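Report on the structure given below.
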Amino acid sequence: MSVLRSRPVLRWLVPATAAVAVIGGGAAVGTFAAEAEPSLPPRTAAQLLVDLQTSRLEGLSGTVVQRADLGLPPLVGLVPGNDLTTLLTGTHTLRVWYSGPEQQRVALLDTLGERDVIRNGRDVWTWESRSNTARHLTLRGAVAEKAVPEAAPSLPATPQEAADLALRAVDPSTEVSVGRSATVAGRDAYELVLQPRDRDSLVHQLRIAIDAKQHVPLRFEVLARGSDQPAFEVAFTEVDYRRPDADQFTFNPPPGVTVTEESAERPSAGRPDHVESAGDPQVRAVGTGWTTVLVARLDGAVGGKPAAEKPAGTPDMDMSKLLGGLQAVSGDWGSGRLLTGKLFSVLLTDDGRVLAGAVTPERLYQAARG
């Protein structure tokens, strides 16, 4: 199975203003040879890209560590629930199992308890230990041939998913080269380096460590401009390429669990995995590649106008306190509040717009002028 094929999205982290997902653009492939550390035969960036596209993975299990240091301001107490603010920072451990496109499992293990997403054929289970609740989704018809619906929009849970995002588009907006070879999870690996040419991008480099023999991404790092340490990293600490036992993909509901039955044919509008069409007229993209800015309208949630009715079950958010903690900014584009991190900027204008991207605030202001 090619590591660049679509995969089930088995994640739980919230979409940190699409900072990592907006790394589009592409690459003018370089031809720098890998530096030996450990000693590996030289390979060019073009050869490594071919390795990724032609690799075949029959089975895999392992432990993945995800680290995030996005430079967010304190949000605890302002955003409802602890999941959002906790998962955007710190270190988190996941166990992953893969045995072909119809058998996959990811388990998030940390202070939030355990969360599992399991696909076994047409059955998809999600389970949370804290609430002891489970969802059982039955895939039907053509839906069964597609990737498993995501449990919630998120940052990538594995190096594979992150690499897929980074390599979807390849054009001259990115310089691609080969970095130093490394040892990841006990495996020798080459390093593919993607670097944006546009100085308005907050991303300095993406680094993908690729197993020298299996050609599978073992580590994915995002470095912010001006830093030599990853702001986001997801990497295997242990990996085994043998096909996992079938028992790993069988979910046995624990005692007292509350199970909700669902069907993939009728996604409900209020569910976390419901995603609006990319053609939504309320959302538009300004620019291309690494410096794309997403612009959406908040229906008056910022400038004091009545906010739109929120979906049932949505936790209350103290918007005034949240906005009050952000920097007030203004210019010939208008006025509003600015949220900045190491890899992204978000502008909430007083006329009800939100602009976000992996770009400098100045690029947001430029987009806000229209």
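The values are calculated or read from the model by the stated rules, or taken from the named source; none is laboratory data. Just so it is clear, the model here is predicted, and its values are computed rather than measured. Glycine gets a Cβ as well: all are built from the backbone with ideal geometry, and neighbour counts include every protein chain shown. Ligands, DNA and RNA are excluded from the accessible area calculation, which covers all protein heavy atoms including side chains. Shrake-Rupley method; radii C 1.70, N 1.55, O 1.52, S 1.80 Å.
In whole Hz, what ³J(HN,Hα) sequence does the range 233-249 give by Karplus (6.51, -1.76, 1.60; θ = phi - 60°), x for Gly and Pro?
8, 9, 8, 6, 9, 9, 8, 9, 8, 6, 5, x, 4, 4, 4, 5, 10
For the range 173-272, what does the accessible surface come to per residue with a 1.4 Å probe? Please give it in Å².
Roughly 49 Å² per residue, with all protein chains present.
Counting only other residues whose beta carbon sits under 10 Å from that of Leu60, what net charge do I get with K and R as +1, D and E as -1?
Summing Lys and Arg as +1 and Asp and Glu as -1 gives 0.
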